[in-house]
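Visitor: Right, I'll just put the structure down here and ask away after.
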Amino acid sequence: MKTSLMTILLALFSSVEVLPIMNCCQTASSHSWVFPTVILCLFGFFSMMKPSEPFVVAYLAGPDKNLSLSVITKNIIPLWTYSYLALLLPVFVLTDYVRYKPVIILQGLSFITTWLLFLFGQGLRAMQVLEFFYGLASATEVAYYAYIYSVVSPEHYQKVSSYCRSVTLVAYTTASVLAQLLVSLANLSYFYLNVISLVSASVAFFFSLFLPMPKKSMFFHAKPNKEGPQNLPRGDAVLGDTRKGHKELGDQLNSPRPKNMILGVFVQWFRDLKECYNSKHLFYWSLWWAFSTAGFNQVLSYVQILWDYKAPSQSSKIYNGAVEALATFGGAITALAVGYMKVSWDLLGELALGIFSAADAGSLFLMHFTTNIWVCYASLLIFKSSYMLLITIAAFQIAVHLSVERYALVFGINTFIALVIQTIMTVAVVDDQGLGLPVNIQFLVYGSYFSVIAGIFLMRSFYIIYSAKCRKKKCNLATGQDPSESGDSIPDVSTVTRL
């Protein structure tokens, strides 16, 4: 089953750098941040502590459920994509309107229902209902990441964001390692891995009941700004100050007419998105985000089926848990490494997008052509690490220009667009209504898909670098300086006009 670890990993870096410059949507007393942070971290840990996930396909194809790989591929897993897409926008709106906690509780209930069906549901229909509830749990994940900003003061954003996001990474890695040890050393049945996941989901639900109920939220229950407008860092004319608009919106929210309140929020969202995407720099990074995330989610959704195709779990020893743990750890290392890279991302960022997207494409082609399961495992490590590196850079490049309101809105819309693309891909490639390709051929398509992404951004990067050099040369000629005496072959990022 697909997990949304890309969101967790990218935020390990982006939250540390970006959150200090964000505007707050609610303030709290300085001593009140510890309790909700601890409870939310406990919820995050146990909700992600699911040792059954690396062996989902092996469990469904095994004697417990006895489903064929073709049925799992075409009739079960696509239901997660469809339900996630259908529920994401309604849940996004509902999350802010009901102030986060009820949606976090709903997420806990969705996980419990999912694993009850895993354990006791039989047949295709039960597994399809299971995928619907897993899609609901995925859609409600937005509440987990938005909740903390409504109950702590801005000076604690950096600290609590780091805690809440990293604990889920630790939980997923721990669950993967535990699953592999129990399967390989204790010869434990996959059924009992799902029992552990159900117990963990139940504990997460228990902790969610103790979360304090926020009094405010970012949009529908926003606190009107009384300080007047302030400029964001970098002074971006397009992506700059939104506080005045949100102050006017806050005045509307105090109106006794709820229809005007709701309409005012949607109008403000539309204006914010229009201004954000008018920046070509942000637009192209968001474009890469949406298309690459769609491909990444698609690969993670079906990679276990490919592994079972290459090395059937009923007749081979499988190491899915160990591979998932290593891939997560490798993704975390590459994501954190971004914080230590001294690179002018405005100038060379799209070159990095092109190069590492090409690495993703190569790893997917390798998965298709090889017959060795160990090569497949290694290819996933390359694929996931490359993607995590790039998504962290993209997240930072997008979020560094935005207020906390726009940060949530743009990331939510990018995720929605990614799901739309993934749904189209699923219908066209996987579903019998489309091509209905075997899983091995699917990965040839996914490799070609990332090759197109790599080609587009490599061409754009060459154009950006060439334009920057020409601009530097013209600047030197205008000032009477010999270009050959210029110390830099590539101009400083401050001289590069965004395209």
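The values are calculated or read from the model by the stated rules, or taken from the named source; none is laboratory data. The shown structure was predicted, so the numbers you read here are calculated from the model rather than taken from an experiment. Don't worry about glycine lacking a Cβ; one is built from the backbone with ideal geometry, like all the others, and counts go over all protein chains shown. The area values use the complete protein model at the heavy-atom level, side chains included, leaving out ligands, DNA and RNA. Shrake-Rupley method; radii C 1.70, N 1.55, O 1.52, S 1.80 Å.
Visitor: Measure off, as a whole percent, the carbon and sulfur share of the 1.4 Å-probe accessible area of segment 319-396, all protein chains present.
Guide: Here it works out to 76 percent.
Visitor: From the cross-link list LYS65/LYS310; LYS65/LYS317; LYS216/LYS280, which pairs have alpha carbons spaced over 22 Å apart?
Guide: Flagged as over cut-off: LYS216/LYS280.
Visitor: Classify segment 60-125 from the C-alpha gyration tensor, please: rounded if a/c falls under 1.5, else prolate or oblate depending on whether a/b exceeds b/c.
Guide: Since a/c reaches 1.5 but b/c is at least a/b, the shape of segment 60-125 is classed as oblate.
Visitor: For segment 113-169, report the accessible area per residue in Å² (1.4 Å probe, heavy atoms, rounded to an integer).
Guide: 32 Å²
Visitor: Moving on. So, taking all protein chains as they sit and a 1.4 Å probe, how much accessible area belongs to LYS473, in Å² rounded to tens?
Guide: 120 Å²
Visitor: Residues of segment 69-98 with amide nitrogen under 20 Å from the 7 Å Cα-to-Cβ point of VAL427?
Guide: 73-90
Visitor: Follow-up question, since we're still on this one. My understanding is that a pair violates if its Cα-Cα distance is over 30 Å; which of LYS50/LYS342; LYS50/LYS274; LYS50/LYS74 do that in this structure?
Guide: In this structure, LYS50/LYS342; LYS50/LYS274 exceed 30 Å between Cα atoms.
Visitor: Leaving out ligands and nucleic acids, and using a 1.4 Å probe, what accessible area per residue does segment 404-450 come to in Å²?
Guide: 33 Å²
Visitor: On average, how much accessible surface per residue is there in segment 297-368, in Å², for a 1.4 Å probe, leaving out ligands, DNA and RNA?
Guide: The answer is 37 Å² per residue.
Visitor: Hey, another quick one. Counting other C-beta atoms within 10 Å, and keeping those with at most 10, which DSSP coil trypsin sites (Lys or Arg not before Pro) do you find in segment 315-393?
Guide: LYS317, LYS342
Visitor: Once you put a point 7 Å from the Cα of ASN372 and another 7 Å from the Cα of ALA337, both along the Cβ direction, what distance in nm separates them?
Guide: In this crude label model, ASN372 to ALA337 measures out at 2.3 nm.
Visitor: Related question: Cα gyration tensor of segment 77-159, axes a ≥ b ≥ c as square roots of the eigenvalues: rounded (a/c below 1.5), prolate (a/b > b/c) or oblate?
Guide: prolate
Visitor: Still on this structure, I have one more. Using 7 Å Cα-to-Cβ label points, what is the THR174/LEU273 separation (nm, one decimal)?
Guide: Distance between label points: 3.8 nm.
Visitor: Need one value: the accessible area of GLU155 in square angstrom, 1.4 angstrom probe, rounded to the nearest 10.
Guide: Probe radius 1.4 Å; accessible area of GLU155 about 120 Å².
Visitor: I would also like to ask the following. For Cα pairs less than 8 Å apart in space and 6+ apart in sequence, what is the mean separation divided by the residue count of segment 351-397, i.e. the relative contact order in percent?
Guide: 45 percent
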